[in-house]
Amino acid sequence: MTLAKAMWAHGHSMVIEYPDRIKSEWKAGFFYRVVGKPGTTNWFHFAIPTPVIVDGNRLAIDSVMIRFRSGSVQADITNVHVYDGETKIASHDGLNLSPSSWNWPRYEVPGKPEIKWGVGISIGVRFEGATDANNTLEFSSVGADFLP
């Protein structure tokens, strides 16, 4: 597989869908730390810079990646959804991701569709801990690989 482009967005670009479910947040030079309120779920959204046409050819999306870590198994990623504009093109549900060190999981986009409007990655999260440390997630970046 030869990639045409790999595009990434820093954790700073994250948008929180339900800010009222967050106890605290901190954007540092190297990541975005979020402490969720106990017993809540949320969605974190990232817009990926998207080269839809390169050298006259429309690109297709191969996969997306998330670079993150968790304060405990009680703060985890449960879903990774990928959008092209308003159309959902991939759903990875039923996840239980809570690595204690920086991790970099990759999620394939079935059918490797051509991209028309721009890629968005939405990450479902769950906070079930009793302490701030247990309810901490940190995101350094997210990205997507594009095929010619």
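Does residue 76 qualify as being more than 15 Å from residue 48 (Cβ to Cβ), in contact with a Leu (Cβ under 8 Å, 6 or more places away or on another chain) and of a type outside the set (Lys, Arg)? Steps first, answer last, please.
On the way: more than 15 Å from residue 48 (Cβ to Cβ): yes; in contact with a Leu (Cβ under 8 Å, 6 or more places away or on another chain): yes; of a type outside the set (Lys, Arg): yes.
Yes; evaluated as a whole, the condition is true for this residue.
For the range 30-43, which positions are small (Gly, Ala, Ser) and assigned to a loop (DSSP other than H, G, I, E, B)? I'd like the intermediate steps shown before the answer.
Within the range 30-43, the subset small (Gly, Ala, Ser) is 36, 39.
Within the range 30-43, 39 is the sole residue that qualifies.
Please go through the range 58-68 and give me each residue that is under 17 Å from residue 42 (Cβ atoms) and either among the aromatic types (Phe, Trp, Tyr) or open to solvent by 10 Å² or more (accessible area, probe 1.4 Å) (or both), ordered by number. Full working, then the answer.
Looking only at the range 58-68, we keep the residues that are under 17 Å from residue 42 (Cβ atoms), and these are 66, 68.
Hit for the range 58-68 is 68, nothing else.
Can you tell me which residue is farthest from residue 133 (Cα to Cα) among those in the range 6-29 that are open to solvent by 80 Å² or more (accessible area, probe 1.4 Å) and either assigned to a strand (DSSP E or B) or modelled with pLDDT under 95 (or both)?
Filtering first and then ranking leaves 8.
Which is touching a Leu at 6+ places or on another chain (Cβ under 7 Å) and touching a residue at least 12 places away in the same chain (Cβ under 8 Å), of 27, 112, 23? So that I can check it myself, show each step before the final result.
On the way: 27 fails: touching a Leu at 6+ places or on another chain (Cβ under 7 Å); 23 fails: touching a Leu at 6+ places or on another chain (Cβ under 7 Å).
Of 27, 112, 23, the one residue that is touching a Leu at 6+ places or on another chain (Cβ under 7 Å) and touching a residue at least 12 places away in the same chain (Cβ under 8 Å) is 112.
What strands (runs of 3 or more DSSP E) completely inside the range 44-148 contain at least 3 residues that are not hydroxyl-bearing (Ser, Thr, Tyr)?
Numbers: elements: 60-70, 75-84, 87-92, 106-108, 119-127, 136-147.
The qualifying strands (runs of 3 or more DSSP E) are 60-70, 75-84, 87-92, 119-127, 136-147.
Anything in the range 70-93 that is of a type in the set (A, V, I, L, M), open to solvent by 20 Å² or more (accessible area, probe 1.4 Å) and within 15 Å of the chain's Cα centre (by Cα)? List them, or say none. Step through it out loud before you land on a result.
Of all residues in the range 70-93, those of a type in the set (A, V, I, L, M) come to 73, 75, 77, 80, 82, 89-90.
Adding the requirement that they be open to solvent by 20 Å² or more (accessible area, probe 1.4 Å) leaves 73, 89.
Answer for the range 70-93, where residues must be of a type in the set (A, V, I, L, M), open to solvent by 20 Å² or more (accessible area, probe 1.4 Å) and within 15 Å of the chain's Cα centre (by Cα): just 89.
Filter the range 30-51 for residues that are open to solvent by less than 40 Å² (accessible area, probe 1.4 Å), touching a Lys or Arg at 6+ places or on another chain (Cβ under 8 Å) and not polar (S, T, N, Q) and give the result.
Within the range 30-51, 35, 36, 51 meet the criteria.
The values are calculated or read from the model by the stated rules, or taken from the named source; none is laboratory data. What you see is a predicted model, and the numbers here were worked out from it, not measured in a lab. Counting neighbours? That spans all protein chains shown, and the Cβs are built from the backbone with ideal geometry, glycine included. The accessibility values were calculated without ligands, DNA or RNA, using every heavy atom of the protein model including side chains. Shrake-Rupley method; radii C 1.70, N 1.55, O 1.52, S 1.80 Å.
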